[in-house]
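Reviewing the structure listed below.
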Amino acid sequence: MTNTQSRERNLQDTVYIVEDIISDTAKETVMDKVQKLILRDAEALAKDSAISP
């Protein structure tokens, strides 16, 4: 059985929309996925700020 939910979160100038799907065969938790999303965005912002004067 699959159950889905969607949530929106505003953090400063960034909007995160998280849609979770509950599954017995999932290999990651929602927290794992959100952490990867935030870290990926932080790395991109750091890269952009290193390029910008």
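How would LEU37, LEU45 rank on accessible area, largest to smallest, probe 1.4 Å? Numbers along the way, then the final one.
Details: LEU37 45, LEU45 115 Å².
Heavy-atom accessible area, descending, gives LEU45, LEU37.
Please give, to one decimal in nm, the separation of the simple spin-label points placed at GLU19 and ASP41, each 7 Å out from Cα toward the Cβ.
A separation of 1.7 nm, rounded to one decimal place.
Kindly sort ASP20, ASP13, ASP32 by accessible area of their heavy atoms, largest first, with the probe set to 1.4 Å. It would help to have the intermediate numbers written out before the result.
Numbers: ASP20 20, ASP13 155, ASP32 65 Å².
Ranking ASP20, ASP13, ASP32 by accessible area, largest first, yields ASP13, ASP32, ASP20.
Counting only other residues whose beta carbon sits under 13 Å from that of ARG7, what net charge do I get with K and R as +1, D and E as -1? Kindly include the intermediate steps, with their values, before the conclusion.
Working: positive: ARG9, LYS33; negative: GLU8, GLU19, ASP20.
Neighbourhood net charge equals -1.
Just in segment 9-46: which GluC sites (Glu not before Pro) are loop by DSSP and have at most 16 other Cβ atoms within 10 Å?
Details: sites: GLU19, GLU28, GLU43; in loops: GLU28.
Taking segment 9-46 and a limit of 16 other Cβ atoms within 10 Å, the loop GluC sites (Glu not before Pro) found are GLU28.
So which lysines can LYS47 reach, going by Cα to Cα under 22 Å and dropping same-chain residues fewer than 8 places off?
Correct list for LYS47: LYS33, LYS36.
The values are calculated or read from the model by the stated rules, or taken from the named source; none is laboratory data. Computed from a predicted structure; not experimentally measured. As a convention, Cβ positions derive from the backbone with ideal geometry for all residues, glycine included, and neighbour counts pool all protein chains shown. For accessibility, only protein heavy atoms count, side chains too; no ligands or nucleic acids. Shrake-Rupley method; radii C 1.70, N 1.55, O 1.52, S 1.80 Å.
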